[in-house]
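Following this message is one structure expressed as structure tokens.
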Amino acid sequence: MTKFATYTRTALLATAGLALAAGLTSPVTGDPATTQNTTVPSVAQSAPAIIAAADKPTAEQLMPLGEPTNQSSFTPSAEQMDNARKIVDAGKDMDLPPRAWTIAIATALQESKLENLGHLGERNDHDSQGLFQQRPSSGWGTVAQITDPDYSSKAFYKGLTQVDGWEELPLTVAAQTVQVSAFPDHYAQWEKMAADIVTDVTE
């Protein structure tokens, strides 16, 4: 073999060695580039889950005064959960924090068990209707409005945000200040269930 041929062969082998080191081998032989292409989608696919987990409210955001005692609960239906989701969505639309969503859902749990109630005839409490049992005669809106989950939720939130220091108040005090109920302490029993529902509908 001539000197030139030896030099050429050495240069070719060196180039091939660089290619191997850089991961530029053939796909048939399982090149690293192919391996990288197969792992990137899996990372991308996991990103939404990571983002969702980061966006999920913490227990401290939902119940800043700690987990309450003497709580009530039940298993909500799909329709009740859908109404809860609408309450949370309305709060998000108004850029309100998770604590507001908890207060709103706890209020609706007490007032209607998260059912968008129409007029109940003789069993109706005055002219109260909807998720929050708001009354047209008290200025909450028309029957059509207060039985619209988005409208009624935003009407409640508007009242809540007008309560001084609502974020630091016990849930039942904040809710009662808005609702002016004959049973002011009854909202407290739904705080934990409300927080759990917020967690479920924001997954």
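The values are calculated or read from the model by the stated rules, or taken from the named source; none is laboratory data. As the structure is a computational prediction, the values presented were derived from the model and not from experiment. Heads up, the Cβs are rebuilt from the backbone with ideal geometry, glycines too, and the neighbour counts pull from every protein chain shown. Ligands, DNA and RNA are excluded from the accessible area calculation, which covers all protein heavy atoms including side chains. Shrake-Rupley method; radii C 1.70, N 1.55, O 1.52, S 1.80 Å.
State all residues of the stretch 147-171 that are polar (S, T, N, Q), assigned to a helix (DSSP H, G or I) and more than 21 Å from GLN80 (Cβ to Cβ); if no residue qualifies, say none.
THR161, the sole residue that qualifies.
Among the residues of the stretch 115-146, which ones are over 22 Å from TYR187 (Cβ atoms) and part of a loop (DSSP other than H, G, I, E, B)?
GLY118, HIS119, THR142
Which numbered condition trips up THR161, out of (1) among the β-branched types (Val, Ile, Thr); (2) open to solvent by 40 Å² or more (accessible area, probe 1.4 Å); (3) without any contact (Cβ under 8 Å) to a residue 24 or more places away in the chain?
Just one mismatch for THR161, condition (3).
Another question, if that's okay. Give the number of residues within the stretch 96-105 that are surrounded by 24 or more Cβ atoms within 10 Å (Cβ to Cβ) and of a type outside the set (A, V, I, L, M).
Qualifying residue count, the stretch 96-105: 3.
Answer yes or no as to whether LEU169 is more than 20 Å from ALA78 (Cα to Cα), surrounded by fewer than 21 Cβ atoms within 10 Å (Cβ to Cβ) and among the hydrophobic types (A, V, I, L, M, F, W, C).
Judged against the criteria, LEU169 is a match.
Let me ask you something else. Would you check which residues across the stretch 158-203 are modelled with pLDDT of 95 or more, closer than 14 Å to ALA90 by Cβ and out of contact with any helix residue (DSSP H, G or I) (no Cβ under 6 Å at 6 or more places or on another chain) and list them?
LYS158, THR161
While we're looking at this one, here's another question. Looking at THR172 and the list (1) in contact with a His (Cβ under 8 Å, 6 or more places away or on another chain); (2) farther than 15 Å from THR107 by Cβ, which single condition is not satisfied?
(2)
Filter the stretch 135-158 down to residues that are aliphatic (A, V, I, L, M) and buried (at least 17 other Cβ atoms within 10 Å of the Cβ) and give me whichever is nearest to the chain's Cα centre (by Cα).
ALA155
Out of ASP89, ASP82, ASP93, report the one residue that is open to solvent by 40 Å² or more (accessible area, probe 1.4 Å), without any contact (Cβ under 8 Å) to a residue 24 or more places away in the chain and of a type in the set (Asp, Glu).
Of the residues listed, the single one that is open to solvent by 40 Å² or more (accessible area, probe 1.4 Å), without any contact (Cβ under 8 Å) to a residue 24 or more places away in the chain and of a type in the set (Asp, Glu) is ASP82.
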